[in-house]
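First comes the structure, then the notes that go with it.
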Amino acid sequence: MSLVWAPFLIKSDVFENENGVSTSEIQLHLDILDASWTSQYESFDYIIISGGQWFLKRAVYWENGAVVGCHYCQNKNLIELGFEHLYHKTLQQVFSFIISAKHKPVIFFRTWSPDHFENGEWYNGGSCNRVAPYKKREYQEGYNERVMRGIELKEFNKAEATLRGSRDVERLKLMDTYSLSYLRPDGHVGPYRTPYPFAKDSKNAVSVQNDCLHWCVPGPIDAWNDLVMKMALD
């Protein structure tokens with residue numbers, strides 16, 4: 001399986017530290033795929049591709065070597081294109097590359113992974129303290145989750161329709177983990193993104209930042225691994 005780290009899937013310049021603090025807007029090139037994964041594409045027979053919350057970040061968008069707009073770029077005289085535009089364009093580029101490439105691996109497209117921040121976001125005190133899965137209909141889906149997963153399904157279905165009627169359609173598989181994942185608010189790292197966050201001598205003891213997006217191992221993503229194996233063998 002391919003596990004190449006390419007958070008945006010497209011070419012990007014990121015000015016951010018490990019705590020998510022940026023010194024400048026991310027620069028995204030909507031018409032250039034990230035070479036960190038395309039350069040290795042022909043080396044793999046099975047590949048997992050997924051997007052993520054990186055697409056929601058403040059960014060300046062480029063096409064044909066020029067700035068065309070942005071998302072949440074305050075105090076800049078640029079057109080607000082929004083992350084929805086970015087995600088559509090990115091997935092269109094990705095699926096176009098997959099369809100036209102001579103190499104024909106099996107592609108698993110993994111859907112949106114929901115976060116479970118409550119009482120704020122990652123940067124202003126949000127936390128995830130639940131210790132049990134949600135009950136049926138207890139999860140309240142937010143705007144971002146609904147819109148971004150909708151974009152994923154739309155672009156995947158368009159790509160699948162393009163391949164329909166050929167044997168290649170069998171190598172493009174939707175790995176929909178969304179419904180499984182949103183039921184598990186108890187499965188996140190929470191305050192333990194760093195060891196011993198509440199220790200008296202810890203630099204994080206005064207202000208602990210919760211991670212309610214990434215998952216604990218072992219945890220819910222073990223079910224994702226089971227899905228991969230089942231889909232690979234089908």
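The values are calculated or read from the model by the stated rules, or taken from the named source; none is laboratory data. Since this is a predicted model, take the numbers as computed values, not measurements. Heads up, the Cβs are rebuilt from the backbone with ideal geometry, glycines too, and the neighbour counts pull from every protein chain shown. The area values use the complete protein model at the heavy-atom level, side chains included, leaving out ligands, DNA and RNA. Shrake-Rupley method; radii C 1.70, N 1.55, O 1.52, S 1.80 Å.
By Kyte-Doolittle mean hydropathy of at least 0.0 and Cα axial length of at least 15 Å, which whole DSSP H helices of the chain are selected? Helix filter hits for the chain: 82-100, 221-233.
Between H214 and I99, the distance separating the two model label sites (each 7 Å from Cα on the Cα→Cβ line) works out to 3.5 nm. Across the alpha-carbon atoms of the stretch 25-75, the computed radius of gyration and Dmax are 13.8, 46 angstrom.
Simple rule: put +1 on each Lys or Arg Cβ and -1 on each Asp or Glu Cβ in the chain, find the dipole, and look at N157, Y46, F109; the Cα lying farthest toward the positive end is N157. The calculated Kirkwood hydrodynamic radius for the chain is 19.4 Å, given to one decimal from all distinct C-alpha pairs.
Compute a Gaussian network model of the chain, connecting alpha carbons closer than 10 Å, and tell me which residue from S43, S24, S166 fluctuates the most. Of S43, S24, S166, the Gaussian network model singles out S166 as fluctuating most.
With a 1.4 Å probe and every protein chain kept in, tell me what percent of the accessible surface of the chain is carbon plus sulfur. Intermediate results must be reported in sequence, preceding the final value.
Numbers: 6920 of 13400 Å².
Its accessible area is 52 percent carbon and sulfur atoms.
For the stretch 37-139, the set of chymotrypsin sites (Phe, Trp or Tyr not before Pro) satisfying both a DSSP loop assignment and a count of at most 15 other C-beta atoms within 10 Å is given as Y72, Y123, Y134.
Cysteines in the chain that lack a partner Cβ within the 4.7 Å cut-off: C216.
Just the Cα atoms of the stretch 32-153, one point each, no solvent: what log10 I(q)/I(0) does Debye give at q = 0.19, 0.20, 0.21, 0.22 Å⁻¹? The calculated log intensity ratios at q = 0.19, 0.20, 0.21, 0.22 Å⁻¹ are -1.17, -1.22, -1.27, -1.32. Note on S36 and D226: the model spin-label points, each 7 Å out from Cα along the C-beta direction, lie 3.1 nm apart.
Heavy-atom accessible surface of the chain, averaged per residue, reaches 57 Å², computed with a 1.4 Å probe. By DSSP, the beta bridges lying fully in the chain are antiparallel in about 45 percent of cases.
Would the stretch 129-229 count as rounded, prolate or oblate if I go by the C-alpha gyration tensor, calling it rounded below 1.5 in a/c and otherwise prolate when a/b exceeds b/c, oblate otherwise? It is prolate, given that a/c is not under 1.5 and a/b is the larger ratio. Annotation note: trypsin sites (Lys or Arg not before Pro) in the stretch 142-222 located in DSSP loop regions with a Cβ neighbour count of at most 11 within 10 Å are R164, K200, K203.
Which loop GluC sites (Glu not before Pro) in the stretch 108-186, with loop taken from DSSP, have no more than 12 other Cβ atoms within 10 angstrom of their Cβ? Each step should come with its number before you reach the end.
On the way: sites: E118, E121, E138, E141, E145, E152, E155, E160, E170; in loops: E121, E138, E141.
Those that pass, being in a loop and sparsely packed, are E121, E138, E141.
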